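Here's the structure we're looking at; comments come further down.
The values are calculated or read from the model by the stated rules, or taken from the named source; none is laboratory data. Worth saying up front: this structure is predicted, and the values here are computed from it rather than measured. Because the Cβ atoms are built from the backbone with ideal geometry, glycine has one as well, and the counts that use them run over all protein chains shown. We work out accessible area using only protein heavy atoms, side chains counted, and drop any ligands, DNA or RNA first. Shrake-Rupley method; radii C 1.70, N 1.55, O 1.52, S 1.80 Å.
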Amino acid sequence: MPDFVIETADPLDWPGLLCLLQTANLHHIPSPEMPGLALETTFVARNGEGLAGIGGYKMTCPNAAKTTLLAVHPSYRSSPIGQQLQECCMAAAKAAGAETLTTNCDLPAEIDWYKQLFGYREVGHLLKLHSFGAPDIDRWTTLETDLTAWTGPQRS
Ligand SMILES: CC(C)(COP(=O)(O)OP(=O)(O)OC[C@H]1O[C@@H](n2cnc3c(N)ncnc32)[C@H](O)[C@@H]1OP(=O)(O)O)[C@@H](O)C(=O)NCCC(=O)NCCS
């Protein structure tokens with residue numbers, strides 16, 4: 001497993017963040033799909049070479065949150081940086097008062113990943129406003145997980 005640390009994103013991370021997000025076609029910020037990204041609720045995974053992953057969330061009301069973006073550079077997938085970034089978002093959203101966490105996802109393998117590892121279930125679909133994420137999938141599958149039932153990071 002490569003060495004990395006997860007910490008809150010810094011404004012100086014913007015260029016690296018956009019390069020990383022471009023690897024998953026998630027870099028269109030600002031855009032109708034992603035008008036902005038609040039860095040104070042965004043986590044980055046750093047290693048000696050730069051940014052290996054990014055994950056964030058935002059509160060949508062006092063007791064609910066939504067993930068913003070989650071992406072791991074293709075060179076560092078299966079590390080498990082994605083799982084640790086997602087768990088950081090879940091823990092921070094829960095600490096901020098969220099009882100549920102919603103996520104929009106498009107790729108079937110990633111949808112399965114959210115369901116199997118983090119207790120998500122499908123709650124709906126949403127047409128994309130423009131190309132964002134997987135270019136050949138035109139809709140989001142909306143997933144939701146119950147943070148009140150989540151007991152914290154799972155480590156094998
Ligand atoms: C989704 C994403 C962030 C995951 O990042 P990652 O660092 O590769 O994830 P992890 O290493 O923590 O988890 C992958 C591991 O989870 C486990 N896993 C994957 N799917 C699983 C499932 N359905 N059930 C149980 N375990 C599963 C496997 O061990 C897998 O490792 P493997 O690929 O060697 O088999 C990454 O694939 C990515 O950036 N995708 C593109 C962007 C995206 O779709 N983002 C989400 C929606 S915006």
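Could you provide, to the nearest whole Å², the per residue accessible area of the chain with probe 1.4 Å?
Working: 8070 Å² over 156 residues.
Computed with neighbouring chains in place, this is 52 Å² per residue.
Just to confirm a number: summing +1 for Lys and Arg and -1 for Asp and Glu over residues other than L21 whose beta-carbon lies under 14 angstrom from that of L21, what do you get?
Combined, the nearby Lys, Arg, Asp and Glu give -2.
So how much accessible area does V72 have, in Å² to the nearest 10, using a 1.4 Å probe?
For V72, solvent-accessible area is about 20 Å².
Among the aspartates and glutamates, which have Cα under 16 Å from the Cα of K66 when same-chain residues fewer than 8 positions away are ignored?
E33, E40, E87, E99, D106, E122, E144, D146
Using a 10 angstrom cutoff on alpha carbons, build the Gaussian network for the chain and name the most mobile of A109, A45, A92.
Ranking A109, A45, A92 by mean-square fluctuation puts A109 first.
Considering only DSSP states other than H, G, I, E and B, which GluC sites (Glu not before Pro) in segment 20-94 qualify as loop sites with at most 12 other Cβ atoms within 10 Å? Don't skip to the end; give the middle numbers.
Numbers: sites: E33, E40, E49, E87; in loops: E33, E49.
Those satisfying the criteria are E49.
Just grab the label-to-label distance for T151 and T8, each label 7 Å out from Cα along the Cβ direction, in nm (one decimal).
3.0 nm
Based on DSSP H runs of at least 4 residues, each adding -39500 (n - 2.57), what is the mean residue ellipticity at 222 nm of the chain after dividing by all its residues, to the nearest 500 deg cm²/dmol?
Per the formula, -7000 deg cm²/dmol.
Comparing G56, G82, G36, which has the greatest mean-square fluctuation in the GNM of the chain with Cα pairs linked when under 10 Å apart?
Comparing G56, G82, G36 in the GNM, the peak value goes to G36.
Does segment 67-150 classify as rounded, prolate or oblate by the C-alpha gyration tensor (a ≥ b ≥ c root eigenvalues; a/c under 1.5 gives rounded; else a/b over b/c gives prolate, otherwise oblate)? Working shown, then result.
Details: a/c = 1.85, a/b = 1.23, b/c = 1.51.
Oblate is the answer for segment 67-150, as a/c is 1.5 or above yet b/c matches or exceeds a/b.
What is the chain's relative contact order, in percent, from Cα pairs under 8 angstrom and six or more apart in sequence?
For the chain, the relative contact order is 21 percent.
Under the rule a/c < 1.5 gives rounded, and otherwise a/b versus b/c splits prolate from oblate, where does the chain land using the Cα gyration tensor?
Rounded is the answer for the chain, as its axis ratio a/c remains below 1.5.
So for I111, I137, what's the accessible-area order with a 1.4 Å probe, most first? Spell out each step's value before the answer.
Values: I111 15, I137 40 Å².
Most to least solvent-accessible, the answer reads I137, I111.
Just the accessible area for D138, please: 1.4 Å probe, Å², rounded to the nearest 10?
90 Å²
Please check: in the Gaussian network model of the chain (C-alpha springs, under 10 Å), which one of T60, T145, T102 has the largest mean-square fluctuation.
T60
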